[in-house]
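Remarks on the structure that follows.
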Amino acid sequence: MFQSMKNMLFDADKRKYAVMAINCVNMEQAMAIISAAQEEHSPVIINISPRQMKTHGTPEIIAPMVAKMAEGVNVPVALNLDHGQEYDDVIRVIKAGFTSVMIDASACEYEENINRTRLIASIAHENGLSVEGELGHVGSAVEGDSEKLDLYTNPEQAKDFVQRTNIDCLAVAIGTAHGNYPHNMTPRLDFQRLKELKDILQMPLVLHGGSGAGEENIKRAVACGINKINVCTDLFQCGRKAMVEAAAEKLEIDYMDFQIAGQNAMKLFIKDYMRMIGSSGKYYFESSRTREFD
Ligand SMILES: [Zn+2]
């Protein structure tokens, strides 16, 4: 089932779990993600960032491929532009057949963020896509941005932002950051702020920078109202490690087996993660139920 994020995040909000949003640049990753979702009876979101789509998997190739795979499974799969910043990138992915966009104008002044986000939300909604915005700023882990309190999302401002932009879900800054955290550092998340955001907004909230945040933080974030968790760094590292190990074991490894080593490791990682954030088992349809009890 190929669809937007709207209904799956509405359900996640209602039933208090989170859906993985996983960065994907090729067929092996798409297969790992979608087969994991199918086996776990879980919804899933496939993310691609502007950098990734320009340097590797173009939207015109990724979108029909993901759509084809998604139509073959009976769990919801969304395809989302991650951190869209340029108007042209958003239009490009809409034309290519994405089901969702994130407009990230969080580095802009507040009113400019509202203007850009509102414009993209209206265009995306007209075309049947769901929209994610960001307020506050989830920065870079190596820059130490996770500890900069002035970047955190303000709950009162968030209420105004959501009302004026008409977005479907909001990425919040509560103490995580993108990329690898400095060695041995586990970020401290502001759960009190997250609870206030959930109380005041009553809508699906998104956590970026979840890689390296630790299982305890992730589980608590879901319990406090996070419904979409972006995962990139942890998954890419998992795939790379499996491929390096496979090549070290057998230098003349067949090219296809080399790719499959990464794919299988990523699939296991995703399945474990889906269980951790509670999305496993949320979509049991007739056909899968029958198969389950065969
Ligand atoms: Zn992000």
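List of remarks:
- Among residues of region 49-78, those that are out of contact with any His (no Cβ under 8 Å at 6 or more places or on another chain), within 23 Å of Tyr283 (Cβ to Cβ) and either within 16 Å of the ligand (Cβ to nearest atom) or in a loop (DSSP other than H, G, I, E, B) (or both), counted: 5
- Close pairs from region 156-177: first closer than 29 Å to Glu143 by Cα, partner among the charged types (D, E, K, R) and surrounded by fewer than 23 Cβ atoms within 10 Å (Cβ to Cβ), Cβ under 7 Å, at least 6 apart: Ile174/Asp190; Ile174/Arg193; Gly175/Arg188; Gly175/Asp190; Ala177/Asp145
- Across region 92-120, the number of residues qualifying as in contact (Cβ under 8 Å) with a residue 24 or more places away in the chain and closer than 23 Å to Met1 by Cα comes to 10.
- When we screen Gly214, Gly225, Gly278 for residues that are at pLDDT below 95, more than 16 Å from the ligand (Cβ to nearest atom) and at positive phi, the only hit is Gly214.
- Number of residues in region 194-211 that are within 16 Å of the ligand (Cβ to nearest atom), in a loop (DSSP other than H, G, I, E, B) and of a type outside the set (Gly, Ala, Ser) equals 2.
The values are calculated or read from the model by the stated rules, or taken from the named source; none is laboratory data. Just so we're clear, the structure is a prediction, and the values are computed from it rather than from any experiment. Using ideal geometry, Cβ is built from the backbone for each residue, glycine included, and neighbour counts are taken over all protein chains shown.
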